[in-house]
1. Return only the number of the condition from (1) modelled with pLDDT under 90; (2) exposed (fewer than 14 other Cβ atoms within 10 Å of the Cβ) that Ile16 does not satisfy.
2. Restricting attention to segment 61-85, which residues are of a type in the set (Gly, Ala, Ser) and in contact with a helix residue (DSSP H, G or I) (Cβ under 9 Å, 6 or more places away or on another chain)?
3. Which residues, counting only those in segment 81-99, are without any contact (Cβ under 8 Å) to a residue 40 or more places away in the chain and either basic (Lys, Arg) or assigned to a strand (DSSP E or B) (or both)?
4. Restricting to segment 16-37, and then to whatever is outside any helix (DSSP H, G or I) and without any contact (Cβ under 8 Å) to a residue 40 or more places away in the chain, can you tell me which residue is nearest to Cys98 (Cα to Cα)?
5. Please go through segment 65-104 and pick out each residue that is at positive phi and modelled with pLDDT of 85 or more.
6. Output the number of the condition that Val82 fails; it satisfies all remaining conditions of (1) surrounded by fewer than 16 Cβ atoms within 10 Å (Cβ to Cβ); (2) within 21 Å of Leu21 (Cα to Cα); (3) out of contact with any strand residue (DSSP E or B) (no Cβ under 9 Å at 6 or more places or on another chain).
7. Identify the residue in segment 38-80 that is in a loop (DSSP other than H, G, I, E, B) and of a type outside the set (Val, Ile, Thr) and, among all such residues, is nearest to Val95 (Cα to Cα).
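The values are calculated or read from the model by the stated rules, or taken from the named source; none is laboratory data. It should be emphasised that the depicted structure is a prediction, and the values quoted were computed from it without experimental measurement. All Cβ positions, glycine included, derive from the backbone under ideal geometry; neighbour counts span all protein chains shown.
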Amino acid sequence: MCMGKVIPIDSPFSDIDHCALHIKKCLGRSDVDFEQPHFRERLQDRDITMRQVLSTLQKGKIVDGPKRDVHNDFRVKMKRYVAGRKIQVVVALNVGKCTVVTVI
């Protein structure tokens, strides 16, 4: 059986609650990177607003992750229904900041 990468117990992102708290702290400190080209393209392609993304980050539920990515960050997928649409946001978590990777 193939399993995902093991997350060390001492990791700051060892569970969903820690990840959600880190995202909220990043939002409060304005340490969220919304400038990734892929994210910006998907935002326009899918006709999703920044308000919908922010609402998902503030009040959404983590539905996937945390998982390590190739950049050694932890990724989570958040989901929330906003303005009648299901919005999903993938966020890369690092100790100092959060990076919005894509929006679905």
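1. Every listed condition holds for Ile16 apart from (2).
2. Of all residues in segment 61-85, those of a type in the set (Gly, Ala, Ser) come to 65, 83-84.
Of everything in segment 61-85, those that are of a type in the set (Gly, Ala, Ser) and in contact with a helix residue (DSSP H, G or I) (Cβ under 9 Å, 6 or more places away or on another chain) turn out to be Gly65, Ala83.
3. If we filter segment 81-99 for residues that are without any contact (Cβ under 8 Å) to a residue 40 or more places away in the chain, which is where we start, we get 81-90, 92, 94.
Those that are without any contact (Cβ under 8 Å) to a residue 40 or more places away in the chain and either basic (Lys, Arg) or assigned to a strand (DSSP E or B) (or both): Tyr81, Val82, Arg85, Lys86, Ile87, Gln88, Val89, Val90, Ala92.
4. Filtering segment 16-37 for residues outside any helix (DSSP H, G or I) gives 30-36.
Then drop every residue that is not without any contact (Cβ under 8 Å) to a residue 40 or more places away in the chain, which leaves 30, 35.
On the way: Ser30: 9, Glu35: 11 Å.
Checked segment 16-37; the qualifying residue nearest to Cys98 (Cα to Cα) is Ser30.
5. Of all residues in segment 65-104, those at positive phi come to 65, 72, 83-84.
Within segment 65-104, Ala83, Gly84 meet the criteria.
6. Here Val82 meets the rest and fails (1).
7. Step one: of segment 38-80, the residues in a loop (DSSP other than H, G, I, E, B) are 46-49, 60, 69-73.
After this cut, where a residue has to be of a type outside the set (Val, Ile, Thr) as well, the list is 46-47, 60, 69, 71-73.
On the way: Arg46: 30, Asp47: 31, Gly60: 21, Asp69: 14, His71: 13, Asn72: 11, Asp73: 9 Å.
Restricting to residues being in a loop (DSSP other than H, G, I, E, B) and of a type outside the set (Val, Ile, Thr), the top hit is Asp73.
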